[in-house]
Amino acid sequence: MSMPTMYRNVKGPIGVTACQTASGWVGIAWSSRGLVALTLPQPSEADAFRSLPTARGPIPEAVPGLDVAVLVDNLRRYFDGEPVPFDEPLDPGIGTEFQQKVWTLTRAIPRGQTRSYGQVANQAGSCAARAVGQAMARNPWPVIVPCHRVVGSDGSLTGFGGGLEMKKRMLEVEGAA
């Protein structure tokens with residue numbers, strides 16, 4: 001099976017694991033440079049692994065700023081409704097320059113708050129809310145890069161890979177209006 005285009009610039013080995021949370025199985029992939037992918041909760045461990053890039057090489061272990069065991073614990077706590085920090089490094093080989101900028105801006109949206117696609121576009125120096133939506137659709141790190149916090153200009157919940165019910169539930173857990 002070939003590597004999806006999004007992950008082709010990931011250098012070296014890729015490790016993968018999955019953890020069970022209150023909302024389902026979350027898959028995690030990482031390289032020696034940071035997180036490569038994270039899935040939204042899936043109904044089974046196999047489904048979580050299916051959504052990840054394929055593991056390759058020896059498992060990357062010493063990743064500065066990334067402790068997979070701590071991340072697993074934080075993911076479980078997050079889906080239990082606890083406020084937890086997600087400051088893990090992201091693999092810089094993923095995405096275009098514009099996508100990376102949008103993901104950085106999205107990651108800065110505080111828990112319990114939302115921004116519109118247009119607001120994120122303006123912050124990114126673009127007037128194209130649709131381009132922000134496309135970057136959100138390609139976000140390989142939901143929860144870590146909280147694309148669920150990006151909403152329509154009227155505050156409506158729009159487009160989310162995990163479905164609008166999941167987006168609503170995540171925003172409610174975070175205390176967003």
Legend entry - Positive-pole candidate from G112, G125, V145, dipole of region 48-177, charges at beta carbon: G125
Legend entry - Stokes-Einstein diffusion coefficient of region 82-177, Kirkwood radius over Cα pairs, 10 °C, 1.306 mPa s, in µm²/s: 119
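In whole percent, how big is the carbon plus sulfur part of the accessible area of region 77-136, probe 1.4 Å, protein atoms only?
That share works out to 49 percent.
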Inset, instruction - Could you tell me whether region 52-124 comes out rounded, prolate or oblate from its Cα gyration tensor? Rule is a ≥ b ≥ c as square roots of the eigenvalues, rounded for a/c under 1.5, then prolate if a/b exceeds b/c, otherwise oblate. - result: oblate
Inset, instruction - Could you point to the residue in V10, P60, A29 farthest towards the positive end of region 1-65's charge dipole, with +1 and -1 charges on the Cβ of Lys/Arg and Asp/Glu respectively? - result: V10
Inset, instruction - Provide the FRET efficiency to the nearest 0.05 for the V70-S156 pair, computing r from the beta carbons and using R0 = 30 Å. - result: 0.30
Inset, instruction - Find the Cα radius of gyration of the chain, compare it with 2.2 N^0.38 Å by division, and give the number to two decimals. - result: 0.99
Inset, instruction - Give me the number: length gained by fully extending R130 to D80, i.e. 0.36 nm times residue separation minus the C-alpha to C-alpha distance, one decimal in nm. - result: 14.8 nm
Inset, instruction - With unit charges on the beta carbon (Lys/Arg positive, Asp/Glu negative), name the residue among P41, Y78, Q20 whose Cα is farthest towards the positive pole of the charge dipole of the chain. - result: P41
Inset, instruction - Just add up the charged neighbours of Y7: K/R +1, D/E -1, any other residue whose Cβ is under 13 Å from the Cβ of Y7. - result: +4
Legend entry - Point-to-point label distance, A46-D87, nm (Cα→Cβ direction, 7 Å offset): 4.0
Inset, instruction - Would you please give the FRET efficiency between L164 and A55, computed as 1/(1 + (r/R0)^6) with r the Cβ-Cβ distance and R0 = 22 Å, to the nearest 0.05? - result: 0.10
Legend entry - Inter-centroid distance (Cα atoms) of region 84-114 relative to region 132-172, Å: 13
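The values are calculated or read from the model by the stated rules, or taken from the named source; none is laboratory data. Quantities reported herein were computed from a predicted structural model and do not represent experimental measurements. Cβ atoms come from the backbone with ideal geometry, glycine included; neighbour counts cover every protein chain shown. These accessible areas exclude ligands, DNA and RNA; they are computed on the full protein's heavy atoms, side chains included. Shrake-Rupley method; radii C 1.70, N 1.55, O 1.52, S 1.80 Å.
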